[in-house]
Amino acid sequence: MEKQNEVVLFGTWASAFCKRVELALKIKGIPYEYVEEDLTNKSVSLLHYNPVHKKVPVLVHNGRPISESLVILEYIDECWNNTPKLLPEGPYQRAKVRFWVNFFDHQIMARLLPIIMTRGEEREKAIKEFNELLKVFEEGINKDFPEEFPFLEGKTLKYLDIVVGTALCNYEAFHEVVDVVFSHEKNPVIMAWVKALKNHPLMKETLPPHDKFVDKMREKYLGQYP
């Protein structure tokens with residue numbers, strides 16, 4: 001017999017997409033069981049709960065699976081309708097947050113792999129394109145959410161903070177293994193935001209250890225893209 005409100009998260013420790021869900025659960029104060037997946041040898045449970053994409057993260061709530069990190073975040077916010085809320089109350093502000101989160105995932109995050117895969121002038125071009133998109137993002141969130149930025153330490157983490165923080169707060173590892181892709185000089189608002197997020201106790205608790213993450217990146221990328 002299933003426990004009432006049983007929550008299980010299938011994930012991998014180095015995935016920013018899985019860390020999003022972990023962080024949201026912690027912010028909401030939701031008890032959960034975590035199952036670490038080996039993506040080279042996927043479990044029967046993972047294949048059962050996510051037969052379409054066969055990927056993590058998957059949140060299983062009372063035996064019912066939800067896939068895709070952004071879908072899971074919204075499910076958590078709606079299902080556990082307690083404070084703190086991850087998304088704004090107003091539909092227009094929610095739409096704006098969703099727009100910039102999608103921009104971040106589909107434009108900015110998508111530009112990291114070309115940086116990893118290239119060298120020399122091609123990498124310089126890829127970094128330039130990344131920074132141009134980051135500038136658009138920076139200006140957009142400043143315009144749409146002036147009351148939220150700069151992010152102050154001690155504030156409650158929201159939807160955008162979760163998505164950006166779990167990805168960019170590992171920037172030092174990326175710079176160490178691959179290249180320097182953004183800095184305070186080029187992206188002052190983003191850098192200040194990321195540094196404040198990195199100091200948040202729940203973010204610190206959730207992010208993977210730096211040295212372990214560096215080793216994982218070297219193992220995954222340097223051998224694959226010499």
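The values are calculated or read from the model by the stated rules, or taken from the named source; none is laboratory data. All values derive from a computational prediction rather than experimental measurement. Quick reminder, even Gly has a Cβ in these numbers, built from the backbone with ideal geometry, and neighbours come from all protein chains shown. Just the protein is used for accessible areas: all its heavy atoms, side chains included, with ligands, DNA and RNA removed. Shrake-Rupley method; radii C 1.70, N 1.55, O 1.52, S 1.80 Å.
Let me have the relative contact order for the chain, percent, based on Cα pairs under 8 Å that are six or more residues apart. Intermediate values should be presented prior to the final figure.
Numbers: 244 pairs, mean separation 48.1, N = 226.
Reported relative contact order: 21 percent.
How big is Rg to Rh over the chain, alpha-carbon atoms, Rh as the Kirkwood inverse-mean-distance radius?
Across the chain, the Cα-based Rg/Rh ratio is 0.96.
Within straight cross-link reach of Lys125, meaning Cα distance under 16 Å, which aspartates and glutamates are found once same-chain residues fewer than 8 apart are removed?
By straight Cα distance, Lys125 reaches Asp179.
So how much slack lies between Glu124 and Val44, counting 0.36 nm per residue of separation and subtracting their Cα-Cα distance, in nm?
On the way: separation 80, 0.36 × 80 = 28.80 nm, distance 4.27 nm.
My answer for the length gained is 24.5 nm.
Quick check for you: with a 1.4 Å probe and neighbouring chains kept, what is the accessible area per residue of the chain, in Å²? Working shown, then result.
Values: 11940 Å² over 226 residues.
Averaged over the residues of the chain, the accessible area is 53 Å².
Over 32 Å between C-alpha atoms is what I'm after, so list which of Lys42/Lys128; Lys135/Lys216; Lys85/Lys204; Lys128/Lys195 land there.
Details: Lys42/Lys128 37 Å; Lys135/Lys216 29 Å; Lys85/Lys204 20 Å; Lys128/Lys195 22 Å.
Flagged as over cut-off: Lys42/Lys128.
Using a Gaussian network model on the chain with a 10 Å cutoff between Cα atoms, which of Tyr49, Tyr92, Tyr34 fluctuates the most?
Sorting by GNM fluctuation, first place goes to Tyr92.
If you build a Gaussian network model of the chain, linking Cα atoms that sit under 10 Å apart, which residue out of Leu70, Leu47, Leu112 swings the most?
Evaluated over the chain, the most mobile residue of the options is Leu47.
Collect residues whose amide H, placed 1.01 Å from N in the peptide plane, falls under 5 Å from the amide H of Tyr34; neighbours closer than 5 in sequence don't count.
Leu9
For the residue pair Phe145 and Arg218, what label-to-label distance in nm results when each label sits 7 Å from Cα along the Cα-to-beta-carbon direction?
3.5 nm
Given a Förster distance of 22 Å, report the FRET efficiency between Glu205 and Asn62 from their Cβ-Cβ distance, rounded to the nearest 0.05.
Details: r = 26 Å, r/R0 = 1.18.
Here the calculated transfer efficiency is 0.25.
When 1/r is averaged over all different Cα pairs and the result inverted, which Kirkwood radius in Å belongs to the range 7-79? All intermediate terms of the calculation are to be shown ahead of the outcome.
Working: mean 1/r = 0.0832 Å⁻¹.
Final number for the Kirkwood radius of the range 7-79 is 12.0 Å.
If you roll a 1.4 Å probe over the range 1-87 with all protein chains in place, what percent of the accessible area is carbon or sulfur? Provide the component values of the computation, followed by the final result.
Values: 2440 of 4550 Å².
Of the solvent-accessible surface of the range 1-87, carbon and sulfur hold 54 percent.
Check which residues have an amide H placed less than 5 Å from Val58's amide H, if you skip close sequence neighbours.
The answer is Phe10.
Give me the extension gain from Gln107 to Lys186: residue separation times 0.36 nm, minus the current Cα-Cα distance, reported in nm with one decimal. Present the calculation step by step, with values, prior to reporting the outcome.
Numbers: separation 79, 0.36 × 79 = 28.44 nm, distance 1.81 nm.
Roughly 26.6 nm would be gained on extension.
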